[in-house]
Amino acid sequence: MPTIIRGAVIQFPGSNCDTDCQAALASFPEIEAEIVWHKETSLEGYDLIVLPGGFSYGDYLRCGSIARFSPIMGAVRHAASTGGLVLGLCNGFQILCEAGLLPGTLMRNRGLLFRCEHQHLRVENNQTPFTSNLALGSVVNFPIAHGEGSYFADPKTLAELNANNQIILRYADAAGTVSDSVNPNGSLENIAGICSHGRNVFGLMPHPERACDALLGGTDGRAIFQSVIDTFSEGKRA
């Protein structure tokens, strides 16, 4: 019998990638995925919590700044503080930063343009529950779709992220070269995704859930979810 992982995809008003996430998770026989409305207050029994992309609360004030006050976020914080796996995709990454579960913030893209395209990413850390199925330094290709994806942090925070190996993905070219010319949004150090100090909270602007079916242009995103499955099947947690 395969390991059964219960996944909760949090649905906020304005979420538009929630069913995409649920479908991507459900494409793995080891995962049972459910949509959980943001007004719920418990995530008891779930092994993986996903905050999906979209425009929670219409992106008013700042992306994710209102969603962080949703009732469900108390349960998300509890899960994160007790070692539960929390994955924030695009708007979900923004929410995690606004909620203080990840450091830094996401700002308006350089040039103030919405970027919707496929993007190469270099794997900077494969020692996490989300990236163990990827080779260090390898290149994956995920779609991006955001207007406020420019990662920013103060110099002290940025130094800590580097020192603690918390930078997980960087924007790169197909050969894995990181440069400003392939930075789609102006993120500091080409940062595309980071994790918490405990490695159990991971936020990224690209969309691995949209790279889980060859019909959609690629399957590189499956490695993220397969890593989670492997983490549970091997009895490893963050």
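What follows draws every value from the coordinates through simple rules; no lab data is involved. Every value quoted in this text rests on a predicted model; they were computed, and no experiment measured them. FYI the Cβ positions are ideal-geometry reconstructions off the backbone, even for glycines, and counts take in every protein chain you see.
Just to confirm a number: summing +1 for Lys and Arg and -1 for Asp and Glu over residues other than Val178 whose beta-carbon lies under 12 angstrom from that of Val178, what do you get? After counting each charged neighbour, the total is -2. Full extension of the chain between Asn162 and Ala214 yields a length gain of 15.3 nm, computed as 0.36 nm times the residue separation minus the alpha carbon distance. Compared with the rule-of-thumb size 2.2 N^0.38 Å for a compact globular protein, the range 101-157 has a Cα radius of gyration ratio of 1.33. Projecting label points 7 angstrom from Cα along Cα→Cβ for Glu234 and Glu40 puts them 2.9 nm apart. Across the chain, Cα-Cα pairs farther apart than 34 Å form 6% of the total.
Charged neighbours of Asp213, selected by a Cβ distance under 13 Å, balance to -1 (K, R count +1; D, E count -1). Among Leu101, Leu113, Leu89, the largest mean-square fluctuation in a Gaussian network model of the chain, built with springs joining Cα atoms closer than 10 Å, belongs to Leu113. Look at the dipole of the chain built from charges on Cβ: of Gly100, Ser138, Tyr46, the Cα furthest out on the positive end belongs to Gly100.
A cut-off under 13 angstrom between Cβ atoms defines the neighbours of Arg62, and their net charge, with Lys, Arg +1 and Asp, Glu -1, is -1.
Footprinting exposure proxy ranking of Phe28, Phe202, fewest other C-beta atoms within 10 angstrom first, gives Phe28, Phe202.
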